[in-house]
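One structure below.
The values are calculated or read from the model by the stated rules, or taken from the named source; none is laboratory data. All figures in this text were calculated on a predicted structure; none of them were measured in a lab. Methodologically, a virtual Cβ is constructed for each residue, glycine included, from the backbone with ideal geometry; neighbour enumeration extends over all protein chains shown.
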Amino acid sequence: MSNRLLLVEDDDNLRDALADNLELEGYEVFQCALVQQAKDWLASNNADLIVLDIMLPDGDGYQLCQWIRQRFDVLVLMLTARSLEKDVVEGFDVGADDYVSKPYRSTELLARIKALLRRKQIPIHRNVTLINGFQIDWSLRQVSLQKQKQKQKQEQIIHLTKTAFDILAYLFAQLGNSCSREQILDEVWGKDVYVDNRTIDNFVYNLKKQLNLGSGPDYQIKTIRGVGYSLIKAR
């Protein structure tokens, strides 16, 4: 069964050309030009991956990505002319799994899409781990936080993108070891995909912020200057 892709792009020529290329690769492709069209389509259809532009006629791709993340478990790849670092960071902040800047090479974009779709869960022997108060369920790929409210425990789900979870899983599997950016790239994206180092840095920055891995009491991610990162036990 072929993967279903949704393209959300207002440039008709670009969208049609990309759809043709993806269909030649065997994907089932659906197209939308507007934010509302995408919302309507997702209300009654499922996609494996969404290719999403940021600047759309009736809304903002960042806000649409956030809306998608609150409702659906689907990969999101942002494809946009906005390539400043702050734009990339904002894309990852709202939940994008990957970010490709225009103009792009078709071969690179196809490789990124294939890498996202074929990404395998990194095997972890332990099923559940407590990291700085957050419960990591490796089997369900879910992060939650137990909160006490009016003498009752409430579970808050913490959203991590698939890419962020894969990076966390890889670092945990290498607990205490130094992991180069190249190793993380190969394990998470695949050896045949080019990803800028700042992409990894942005994901690690968000992991530190979301799971208190910068200065947490139990686990911390340390930057190894000139190499990459290491997840260590803080005590």
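The table below gives the values:
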item	result
Cβ pairs under 7 Å, 6+ apart, first in region 198-226 and within 13 Å of V89 (Cβ to Cβ) and outside the structural domain of E85 (by TED's automatic domain parsing), second of a type in the set (S, T, Y) and part of a helix (DSSP H, G or I)	F203/T163
Lone unmet requirement of (1) exposed (fewer than 14 other Cβ atoms within 10 Å of the Cβ); (2) under 17 Å from V100 (Cβ atoms); (3) within 15 Å of the chain's Cα centre (by Cα) for Q70	(2)
Single condition V29 does not satisfy, out of (1) at pLDDT 95 or above; (2) touching a helix residue (DSSP H, G or I) at 6+ places or on another chain (Cβ under 6 Å); (3) outside any strand (DSSP E or B)	(3)
Neighbours by Cβ (under 6 Å, 6+ apart or cross-chain): first from region 27-52, of a type in the set (V, I, T); second assigned to a helix (DSSP H, G or I) and surrounded by fewer than 20 Cβ atoms within 10 Å (Cβ to Cβ)	V29/A19; V29/E23
Matching residues, region 163-184, being farther than 18 Å from T223 by Cβ and surrounded by fewer than 19 Cβ atoms within 10 Å (Cβ to Cβ)	A173
Residue check, L18 touching a residue at least 24 places away in the same chain (Cβ under 8 Å), under 28 Å from H159 (Cα atoms) and either part of a helix (DSSP H, G or I) or not assigned by TED's automatic domain parsing to the domain that holds A96 (or both)	no
Test result for R69, touching a residue at least 60 places away in the same chain (Cβ under 8 Å) and basic (K, R)	yes
Any chance F72 is part of a loop (DSSP other than H, G, I, E, B), outside the structural domain of N197 (by TED's automatic domain parsing) and among the aromatic types (F, W, Y)	yes
Subset of region 84-101 (residues that are in a loop (DSSP other than H, G, I, E, B) and either of a type in the set (V, I, T) or touching a residue at least 24 places away in the same chain (Cβ under 8 Å) (or both))	V94, G95, A96, D97
Check on G61, surrounded by fewer than 16 Cβ atoms within 10 Å (Cβ to Cβ) and touching an Asp or Glu at 6+ places or on another chain (Cβ under 9 Å)	no
Of the criteria (1) modelled with pLDDT under 85; (2) of a type outside the set (A, V, I, L, M, F, W, C); (3) not in a helix (DSSP H, G or I), which one S144 fails	(1)
Options R82, R4: the member that is among the charged types (D, E, K, R) and in contact with a Phe, Trp or Tyr (Cβ under 8 Å, 6 or more places away or on another chain)	R4
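Residues are listed down the side, and each one gets a yes or a no for (1) part of a loop (DSSP other than H, G, I, E, B); (2) among the hydrophobic types (A, V, I, L, M, F, W, C); (3) surrounded by fewer than 17 Cβ atoms within 10 Å (Cβ to Cβ); (4) in contact with a Ser or Thr (Cβ under 6 Å, 6 or more places away or on another chain):
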residue: D186; (1), (2), (3), (4): no, no, yes, no
residue: V195; (1), (2), (3), (4): yes, yes, no, no
residue: I200; (1), (2), (3), (4): no, yes, no, no
residue: V204; (1), (2), (3), (4): no, yes, no, no
residue: L207; (1), (2), (3), (4): no, yes, no, no
residue: K222; (1), (2), (3), (4): no, no, yes, yes
residue: S230; (1), (2), (3), (4): no, no, no, yes
